[in-house]
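The values are calculated or read from the model by the stated rules, or taken from the named source; none is laboratory data. Predicted, not measured: the structure shown is a model, and the values here were computed from it. Quick reminder, even Gly has a Cβ in these numbers, built from the backbone with ideal geometry, and neighbours come from all protein chains shown.
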Amino acid sequence: MKVHVAPAQALSGEVSAPPDKSISHRAALFGAMSSGTVRIANYLHAADTTSTLDAMRALGASVDVAAGEVVVRGVGLGGARDRGAPIDVGNAGTLMRLLPGWLASQEGRSFTLDGDASIRRRPVDRIAEPLTQMGAEIEPTGGRYPPLQVRGTTLTAITYVLPVASAQVKSCVLIAGLSAGGTTTVIEPAASRDHTERMLAGAGVAVSRDGLDISLVQVAALDAQSLTVPGDLSSAAFTIAAAVLVGGSRVLVRGVGVNWTRTGFLRILARMGASIDGDLEPVPAAGGAVCAAEPISDLDVTAGPLRATVVEAAEVPLAIDELPLVALLGCFADGETVVRGARELRVKESDRIAGVVEGLRGLGAEIEATDDGFVVAGAGTLRGGTIDARGDHRMAMLGAVAGLASREGVDVIGMEAAAVSYPGFLADLDRLR
């Protein structure tokens, strides 16, 4: 589907951020792993998260979707059902990388995880390596990609040093650690999203953090708690960027999750000169117990002049999904914007470094790719044109925001991909015009 997004004079009003995709995935998974009933309010109803609900049903959990909530009745840590058919994760990369951590401990049962064409291009060897060290029998296709075969075995705890900061790999290892004898520790090279740790802490698991080391011990059962999913900052970031870029704008984004491991983009924006007011969670002390609560705030955003910045590798894990927006913002900033240490972008739903550079260059941007990022020369404006989303929801939304801020507007090919995480995105933008 091709959609033309015309330039906007100003954006004004308020919107509610869609429910958080990362937390919705985890809530459904932990509900299925629990021995009780978990009620999830404000669950995201989108393509990816629906795949997760369907997968939990396939594994034996009862999942009811009612007005305003999803109710999951779990099968327990060791109760996943082997239905003898592949589990379809669709396009849900989070599910593909977290679910094997649970299935690896289901002794005597075998599972096949598969998905769409995009999923089959996304590497899973990064989870296979630590799970194999724990004693799992796990076999990616060609040693690297889905479909992924998992045969449940007895697991042993390990200390695993992540070669690259990744919340998904960290979460997979910690989930496996719930059923592994001993203390499981994951050591990060830099902090990444901590939704898994918080949710486990809320379920009664003793999760501790010592600097960049996260540890937990084996548990007999998981007592996941009912919860309300906050608004998704990664989705709200596109509305925020639009309000920053379109002159004369002021937008209030309500109900956004402002967990410190998710607000890296807002810190980058502030450095670029954007005005964003909200009650953001401060970076916590280095050690101690993990906080279980997910903080929420309204964000008041106004447009203004931007200056270029440099995003270093240590910042990347806390802003990974928003880095394409940094490239777009760099087009309008004074000076040269540089992103380094973001090689992870090459293995998202698409190669987002290549996609962003090719897409924005086609709209008139002065942008060059590097091996692990990009360099943007700010011109203060963007011509417009056509951008191909490549089946990637973030690229579709990036094109729409570029259209609002451009001189001529942007035709977005594949705009329907936005429904993966933000089904109401275009409608929200139209309300703000």
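Residues of the range 112-127 that are in contact with a Gly (Cβ under 8 Å, 6 or more places away or on another chain) and of a type outside the set (S, T, N, Q): 115, 116, 119, 122, 125, 127. Being in contact with an Asp or Glu (Cβ under 6 Å, 6 or more places away or on another chain) and either crowded, with 22+ Cβ neighbours inside 10 Å or of a type outside the set (S, T, N, Q) (or both): is that true of residue 343 here? Taking the combined requirement at face value, the residue satisfies it. In the range 88-140, what residues are over 26 Å from residue 161 (Cβ atoms) and either assigned by TED's automatic domain parsing to the domain that holds residue 389 or of a type in the set (Lys, Arg) (or both)? 109, 120, 121 - these are the residues of the range 88-140 that are over 26 Å from residue 161 (Cβ atoms) and either assigned by TED's automatic domain parsing to the domain that holds residue 389 or of a type in the set (Lys, Arg) (or both).
Being touching a strand residue (DSSP E or B) at 6+ places or on another chain (Cβ under 7 Å) and either part of a helix (DSSP H, G or I) or modelled with pLDDT under 95 (or both) is true for just one of 346, 361. Which residue is that? Of 346, 361, the one residue that is touching a strand residue (DSSP E or B) at 6+ places or on another chain (Cβ under 7 Å) and either part of a helix (DSSP H, G or I) or modelled with pLDDT under 95 (or both) is 361.
Inside the range 130-179, residues that are among the basic types (Lys, Arg) and either under 19 Å from residue 189 (Cα atoms) or in a strand (DSSP E or B) (or both) make up a count of 2.
For (1) more than 19 Å from residue 171 (Cα to Cα); (2) in a strand (DSSP E or B), each residue gets a yes or a no:
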| position | (1), (2) |
| --- | --- |
| 78 | no, no |
| 82 | yes, no |
| 85 | yes, no |
| 96 | no, no |
| 99 | no, no |
| 102 | no, no |
| 112 | yes, yes |
| 128 | no, no |
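Is it the case, given these coordinates, that residue 29 is assigned to a loop (DSSP other than H, G, I, E, B) and either modelled with pLDDT of 95 or more or crowded, with 24+ Cβ neighbours inside 10 Å (or both)? For residue 29, the condition - assigned to a loop (DSSP other than H, G, I, E, B) and either modelled with pLDDT of 95 or more or crowded, with 24+ Cβ neighbours inside 10 Å (or both) - is not met. There is no residue in the range 420-427 that is at pLDDT below 95, surrounded by fewer than 21 Cβ atoms within 10 Å (Cβ to Cβ) and at positive phi.
So is residue 404 of a type in the set (A, V, I, L, M, F, W, C), modelled with pLDDT under 95 and surrounded by 19 or more Cβ atoms within 10 Å (Cβ to Cβ) or not?
Values: of a type in the set (A, V, I, L, M, F, W, C): yes; modelled with pLDDT under 95: no; surrounded by 19 or more Cβ atoms within 10 Å (Cβ to Cβ): yes.
For residue 404, the condition - of a type in the set (A, V, I, L, M, F, W, C), modelled with pLDDT under 95 and surrounded by 19 or more Cβ atoms within 10 Å (Cβ to Cβ) - is not met.
Pairs meeting the criteria (first residue in the range 79-103 and under 13 Å from residue 120 (Cα atoms), second residue among the basic types (Lys, Arg), beta carbons under 8 Å, at least 6 apart or on different chains) are 93/122; 93/348; 96/122; 97/126. Do we have any residue at all in the range 270-292 that's closer than 29 Å to residue 170 by Cα and within 18 Å of the chain's Cα centre (by Cα)? No, the conditions are met nowhere in the range 270-292. Filtering the range 374-401 to residues that are on the phi > 0 side of the Ramachandran plot, buried (at least 18 other Cβ atoms within 10 Å of the Cβ) and touching a strand residue (DSSP E or B) at 6+ places or on another chain (Cβ under 8 Å) leaves 384, 385.
Give the range 297-339 a look and list any residue that's surrounded by fewer than 19 Cβ atoms within 10 Å (Cβ to Cβ), within 23 Å of the chain's Cα centre (by Cα) and not in a helix (DSSP H, G or I), or say none. Result: 298, 300, 310, 312, 338. Candidates in the range 51-78 are the residues that are surrounded by 18 or more Cβ atoms within 10 Å (Cβ to Cβ) and among the polar types (S, T, N, Q); of these, the one that is nearest to residue 227 (Cα to Cα) is 52. Selection over the range 364-411 of residues that are of a type outside the set (Lys, Arg) and either without any contact (Cβ under 8 Å) to a residue 12 or more places away in the chain or not in a strand (DSSP E or B) (or both) gives a count of 29.
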